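Peer 1: Provided herewith is a single structure, encoded as structure tokens, for subsequent inquiry.
The values are calculated or read from the model by the stated rules, or taken from the named source; none is laboratory data. Every value quoted in this text rests on a predicted model; they were computed, and no experiment measured them. Glycine also receives a Cβ, built like all others from the backbone with ideal geometry; neighbour counts cover every protein chain displayed. Side chains are part of the model used for accessible areas, which takes the heavy atoms of the whole protein and leaves out ligands, DNA and RNA. Shrake-Rupley method; radii C 1.70, N 1.55, O 1.52, S 1.80 Å.
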Protein chains: 2
Amino acid sequence: MQKAAIERNNETIAAQLTPVGRETVQDRVYSELRRALIGGLFEPSQVLTIRGLADALVTSTMPVREALGRLITEKALEALPNRSVRVPPITLERIDDLLRARSLIEGEAIALAATRMGPRQIATIEAMLGEWDEMRALKHKKDIDREATLNQSFHFEIYRCCGSAVLIPMIESLWLQSGPCIRVAIYAFSEAGEVDTAHYHRSIVAALAKQDAQAAREALVADISRPFAFLRDKLQSAAAKDRT
Amino acid sequence: MQKAAIERNNETIAAQLTPVGRETVQDRVYSELRRALIGGLFEPSQVLTIRGLADALVTSTMPVREALGRLITEKALEALPNRSVRVPPITLERIDDLLRARSLIEGEAIALAATRMGPRQIATIEAMLGEWDEMRALKHKKDIDREATLNQSFHFEIYRCCGSAVLIPMIESLWLQSGPCIRVAIYAFSEAGEVDTAHYHRSIVAALAKQDAQAAREALVADISRPFAFLRDKLQSAAAKDRT
DNA sequence: TCAAAGCAAGTGTGATCACAAATCAAAAAA
DNA sequence: TTTTTTGATTTGTGATCACACTTGCTTTGA
């Protein structure tokens, strides 16, 4: 009966090894497409083909078609009656609709998080704030991708603290849907002399540190409203010019 | 140049024919599984196999696996590390989580709908109320499925009026997730001498008729809270008995 | 010159097969 | 009797093929 010894030995080994995971090809394709979508690598109204993506990702069509199907059900992509799939086009109604939903749900999530975040979590997002400043000090132009990634990490680090396994996937779905839209705005921001984006994040952190749920919610809504409002104006003026 | 004549002839034909549609097998499988899930035909923690479902639905595995993938991404099903898929088990946290999310989002949807529903729409849901009474007067026992369906139609008829293409899919996802849970409660209700379910719906209709968004929201929350609260008590007492 | 028909390339969908991993049951060892 | 091992069956995953539909272009006819 050396079962205990064997068990102990296995545990020792397990402690040294890092899990290799068993991610399927489909999962990798799905993650990659998600990343591309949130990052705004695809343009609104762009049509995607299964074989095209399969070639680009160097796999067969099978994992791609399943990943596309999943993205369609969460409204990150759109199935046309022709059976082809495209990233949803931007419309004024859709912008307002997305902003309202995001304010509602992400606002609730941050309000919940405000009462649950400990000093440990606050420190984490404060560190991200510092990283942000650091990056902007260097003034790299092409760090727009990195900036977007950092922004995403900042928000989801907070949302993860809300303790709701139901809300978080919904928020992810909303980011997926608004990704292609807001990327347009982000680019425009970057060109038009960036307003102090970090300012909004700072007030979010301040509210969370005080455990002030209402203030956190308002600061968050102000933060996410900005690119949507910008995009809205841009679309409206474009429509006005179109009419002339 | 008899183009106009031909055109007119085609229109005449078109008026007589009903569109045949071009629904794929995958779509049918998906709809069928959705129906089963919302209707509570699957039990929580039940494991589903691709080939098993394919046999039951009399198709090949291909449409089933894609439908399952879609249901997993909207959290209606759960992918185990073993790669097998099951309907998510019920836990106390999950019940509270689902109720909170549903109150938040469906509450917002009905508040929006309250300002947008015309007399036409009000009449529609009032008619459903009547249908409900009629059904209960007959006192059929096995009409529990029909009752659930009617309940679903009632709610979504309202939600459709909220004018948000983003909120509605989220609500559908939430119903999908809570379907297997609340079915347990519904059955128990039906046995334990049904409380006046219709009463809650009547107060919803009354609030909507007055365009009172806040009252509508509160009435709705009261309505959907009921089965969740019931299920919560049941689970807690079961856990208490388990401890002894 | 222009519109309709016809053809060819491309695309999504479903079926089937091969393979690896998981599961379960019976047999062997302790 | 209990535990381990072994082997057979089941299951998910990915690849490939066949088919039907769409799309875009060319050709034909008025």
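Peer 1: Grab the eigenvalues of the alpha-carbon gyration tensor for the range B:78-127, scale each by 5, take roots, and send me the semi-axes largest first in whole angstrom.
Peer 2: Largest first, the range B:78-127 gives 36, 14, 10 Å.
Peer 1: Give the calculated FRET efficiency between B:E157 and A:M135 to the nearest 0.05, with a Förster radius of 56 Å applied to their Cβ-Cβ distance.
Peer 2: Given R0 = 56 Å and the Cβ-Cβ separation, E is 0.65.
Peer 1: If you roll a 1.4 Å probe over the range B:32-72 with all protein chains in place, what percent of the accessible area is carbon or sulfur?
Peer 2: Carbon-and-sulfur percentage of accessible area, whole number: 55.
Peer 1: Probe radius 1.4 Å, ligands and nucleic acids left out: can you give me the accessible area buried at the A-B interface, summed over both chains, in Å² to the nearest hundred?
Peer 2: Buried: approximately 2600 Å² between B and A.
Peer 1: Can you sort A:Y200, A:Y159 by 1.4 Å-probe accessible area, starting with the largest?
Peer 2: These residues rank, largest area first, as A:Y200, A:Y159.
Peer 1: Write down, largest first, the equivalent ellipsoid semi-axes of chain B in whole Å, where each equals the square root of 5 times an eigenvalue of the alpha-carbon gyration tensor.
Peer 2: So the three semi-axes of chain B are 34, 29, 17 Å.
Peer 1: How many partner chain Cβ atoms sit within 10 Å of a residue's Cβ in peptide B:84-95, on average, as a whole number?
Peer 2: That average works out to 1.
Peer 1: Provide the net charge surrounding B:E43, with neighbours chosen by a C-beta distance below 13 Å and charges set as Lys +1, Arg +1, Asp -1, Glu -1.
Peer 2: +2
Peer 1: Using a ≥ b ≥ c from the Cα gyration tensor of the protein assembly as shown (square roots of the eigenvalues), is it rounded, prolate or oblate, where a/c under 1.5 gives rounded and otherwise the larger of a/b and b/c decides, a/b for prolate?
Peer 2: Note, shape of the protein assembly as shown comes out rounded.
Peer 1: Given a 1.4 Å probe, how much area per residue of chain B is accessible, in Å²?
Peer 2: Per-residue accessible area for chain B comes out at 54 Å².
Peer 1: Now a separate question. Please work out the FRET efficiency for the pair A:A239 and B:A188, using the Cβ-Cβ distance as r and a Förster radius of 56 Å; give the result to the nearest 0.05.
Peer 2: 0.55
Peer 1: In whole angstrom, how far apart do the alpha carbon centroids of the range A:70-99 and the range B:81-160 sit?
Peer 2: 25 Å
Peer 1: Once every DSSP H run of n ≥ 4 in the protein assembly as shown is given -39500 (n - 2.57) and the sum is divided by its residues, what mean residue ellipticity at 222 nm do you get, rounded to the nearest 500 deg cm²/dmol?
Peer 2: So the helix-based figure for the protein assembly as shown works out to -24500 deg cm²/dmol.
Peer 1: Something else now. Under the definition of partner shielding as Cβ atoms of other protein chains within 10 Å of a residue Cβ, what is the mean value for peptide A:63-75?
Peer 2: 4
Peer 1: Along the Cα→Cβ direction, 7 angstrom out, place labels at B:T91 and A:A36. What is the inter-label distance in nm?
Peer 2: 3.5 nm
Peer 1: For the range A:78-91, what does the Karplus curve 6.51 cos²θ - 1.76 cosθ + 1.60, with θ = phi - 60°, yield as ³J(HN,Hα) per residue in whole Hz, taken in order and with x for Gly and Pro?
Peer 2: 10, 8, 7, x, 6, 6, 8, 10, 9, 7, x, x, 8, 9
Peer 1: Determine the gain in length on full extension of the stretch A:D143-A:I122; use 0.36 nm per residue of separation and subtract their C-alpha separation, reporting nm with one decimal.
Peer 2: Full extension of this stretch gives 5.1 nm more.
Peer 1: Per-residue Cβ counts within 10 Å, from other chains only, averaged over B:155-168: what number is that?
Peer 2: 3
Peer 1: Also, I was wondering about something else. Got a sec? What order do B:D55, B:D97 fall in by accessible area at 1.4 Å, biggest, i.e. largest, first?
Peer 2: Sorted descending by solvent-accessible area, the residues read B:D55, B:D97.
Peer 1: Considering only protein heavy atoms, what is the solvent-accessible area of B:M62 at a probe of 1.4 Å, reported in Å² to the nearest 10?
Peer 2: 50 Å²
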